[in-house]
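Please read the structure below before turning to the comments.
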Amino acid sequence: MTIPALILTVAVVALIAVAVYASAAIGSGVYVKAACRAATDEKVIALTFDDAPDPIQTPRVLEVLRQHHVQAVFFCIGNRAEAHPDIVRQIVAEGHLIGNHSYSHSNRFPLFSRHKMQLDMERCNDALAQCAPAGNAMKLFRPPFGVTNPTVASAVKSLGYTVIGWNVRSFDTVRNPDAAFKRVCNRISPGSIVLLHDRLPDSHTLLGRLLEYLHDNGYRVERADRMLKLTTNPQTDKRQ
Ligand SMILES: [Zn+2]
């Protein structure tokens, strides 16, 4: 290979790597500005749960949160919210926020056309607004799988959503609860936003262990919108 060809190959590989990273990592901020942590020195963190609601596990998670007087954000899948509206109402009644995690949570969501993506997000918004409008007022969005790209950026902007990411991923869906627990404990720092799921058989026991660890180590837990000092913006809130 000649030197110019080598340089070109390296440049192309580097560009592809950047594009893949930007699409895969919600914290990259390349396409979508996502709030992934709060700028603070205080020992405060926020907990977020993806893929809510689950008819068995979400009530167990809610009970643990209640026992510890902690409030969180639940990113709901629209079709699950439609199937279990009582649980969504319970989430909101207990002081938690709900956010949009798409209607379909399709593997192909990141590849949807802008129109199809926007319809999917609006359908989730409608489902949540139907269940519990008060809990949905902040218009928070978390893209399925945390994947962002220019289409997601455009849909989020036109619908007036604030994107909430994370800087501590528990990997609770792929690791055993002990490994997920250790991973979170090792990675949290002031202002962290932690990604958990409320649909796993061990979600509530992992949460209980984490809350005890946080308490024992001087951390308090705030709802993400409060930790980030977000306010509702009626200008962008087109659907409420
Ligand atoms: Zn998800």
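A compact table of results
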item	result
Unique residue being away from the ligand (no atom under 16 Å from the Cβ) and closer than 30 Å to Val30 by Cβ when the list is His115, His101	His115
Pro150 vs. criteria away from the ligand (no atom under 16 Å from the Cβ) and either touching a residue at least 40 places away in the same chain (Cβ under 8 Å) or more than 21 Å from Leu230 (Cα to Cα) (or both)	yes
Arg199 charged (D, E, K, R), assigned to a loop (DSSP other than H, G, I, E, B) and farther than 14 Å from Phe49 by Cβ	no
Ala137 vs. criteria of a type outside the set (Val, Ile, Thr), touching an Asp or Glu at 6+ places or on another chain (Cβ under 8 Å), within 16 Å of the ligand (Cβ to nearest atom) and on the phi < 0 side of the Ramachandran plot	no
The range 126-137: number of residues that are touching a residue at least 60 places away in the same chain (Cβ under 8 Å) and crowded, with 22+ Cβ neighbours inside 10 Å	1
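A quick yes/no check of all residues on (1) within 15 Å of the ligand (Cβ to nearest atom); (2) touching a residue at least 60 places away in the same chain (Cβ under 8 Å); (3) basic (Lys, Arg):
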residue: Asp51; (1), (2), (3): yes, yes, no
residue: Ile56; (1), (2), (3): no, no, no
residue: Val64; (1), (2), (3): no, yes, no
residue: Arg89; (1), (2), (3): no, no, yes
residue: Ala93; (1), (2), (3): no, no, no
residue: Leu97; (1), (2), (3): no, yes, no
residue: Glu122; (1), (2), (3): no, yes, no
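Where a number appears in this text, it was derived from the coordinates with a stated rule and is not lab data. The shown structure was predicted, so the numbers you read here are calculated from the model rather than taken from an experiment. Glycine gets a Cβ as well: all are built from the backbone with ideal geometry, and neighbour counts include every protein chain shown.
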